[in-house]
Amino acid sequence: MEYAAELHRRCAGAARTRAASSKARQCGPGELAMHAMAVEFPTVHGHPNRLPFEGVLTLVDVASDKAPSGARGHRVVLTRAAAEAALPSLLGMAVDYKAGWDGHDARQKCGIITSAELDGRRLMVAGYVFSKDFPEIEERLGIEGAMGMSYELADAHVADMRAPVWTLTRATFTGAAILLREKAAYRGTSFRLGRGAATERSAATRVASARRS
C-alpha cells in the first residue's frame, strides 16, 4: 500500500509538471497568446479502444449563437478569465453523446479529454474516444465538418441574471458533448477524429515556453 501511494504521488507530480510546462501566455503585440494544459498518456500503438480526437469546444468573450441547455433561454458569454481559471477542470473529464447527435447525455460517456488550450478566442480540446466500445462513433464522426461540441458546466456564476445575455465569470467544466454543429449553442465549434493540428500547437507551445525560461 505504501509503495502504491508513493507511485501515485510520483505520477501525479509528473503530470502536474507536464501540465505546468505546457502553459504559455504572452499578451504583447505579435506575441504568442495561448494558455494550455495537458495530461500525457503513454503511447500504445494500435490501441483498439483509443481513437484520438480534437475539437473547438467553445469560443470565449463571444456570445453564443443560441441559448445553451440550462441557460433559461439566455444566450451566454464565457469570459476568457473564467475559461482560463476553469481550464484544469477539463482534464480527465468525459465526452458524451446523445442518440440523434442533437444534445447531451452525461451517462453516455464515450471518451476522455486529455488536453485543453485557449488559442485566441477558441477553447481547443483533444483526447480519445473509446472506439471499440462505441464503434458507431468512428462511422458517424468520419464526416468532416458536420460535428461540433458543447460544454457541460457546474458552479457557474452569472454576472447579472437580469441581463438578456448572461456573462459567465466563473464555472467548473464537468464534461463535453459531441453533437451536430447546427445543434450546438456555438456554431463555431468543431470536432474531428485525429490530432495533427493539436499536436503541432502543443509542440509550438512547449518550444515557446522553453525559449522564455
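The values are calculated or read from the model by the stated rules, or taken from the named source; none is laboratory data. Note that the structure is a prediction, hence the values are computed from the model and not measured. All Cβ positions, glycine included, derive from the backbone under ideal geometry; neighbour counts span all protein chains shown.
Only one entry of 92, 111 meets the criterion of being within 22 Å of residue 41 (Cβ to Cβ) and surrounded by 22 or more Cβ atoms within 10 Å (Cβ to Cβ), and that entry is 111.
Just one residue in the set 124, 147 is at negative phi and modelled with pLDDT under 95; that residue is 147.
Cβ-Cβ contacts under 8 Å between residues 6 or more apart (or on different chains), taken from a first residue in the stretch 91-102 that is in contact (Cβ under 8 Å) with a residue 12 or more places away in the chain to a second residue that is assigned to a strand (DSSP E or B) and surrounded by fewer than 18 Cβ atoms within 10 Å (Cβ to Cβ), are listed as 93/174; 94/109; 95/109; 96/109; 101/180; 102/180. Highlighted here would be strands (runs of 3 or more DSSP E) found entirely within the stretch 1-114 that include at least 2 residues which are modelled with pLDDT under 85 and within 30 Å of residue 162 (Cβ to Cβ), but there are none.
At least 1 residues being more than 24 Å from residue 48 (Cα to Cα) and among the hydroxyl-bearing types (Ser, Thr, Tyr) is the threshold, and among the strands (runs of 3 or more DSSP E) wholly inside the stretch 121-192 those reaching it are 147-158, 165-180.
Of all positions in the stretch 159-174, none carries a residue that is touching a residue at least 60 places away in the same chain (Cβ under 8 Å), of a type outside the set (Phe, Trp, Tyr) and touching a Phe, Trp or Tyr at 6+ places or on another chain (Cβ under 7 Å). When the stretch 79-98 is filtered for residues that are of a type outside the set (Ser, Thr, Tyr) and closer than 30 Å to residue 138 by Cβ, the ones remaining, listed by number, are 83, 86, 87, 88, 90, 91, 92, 93, 94, 95, 96, 98.
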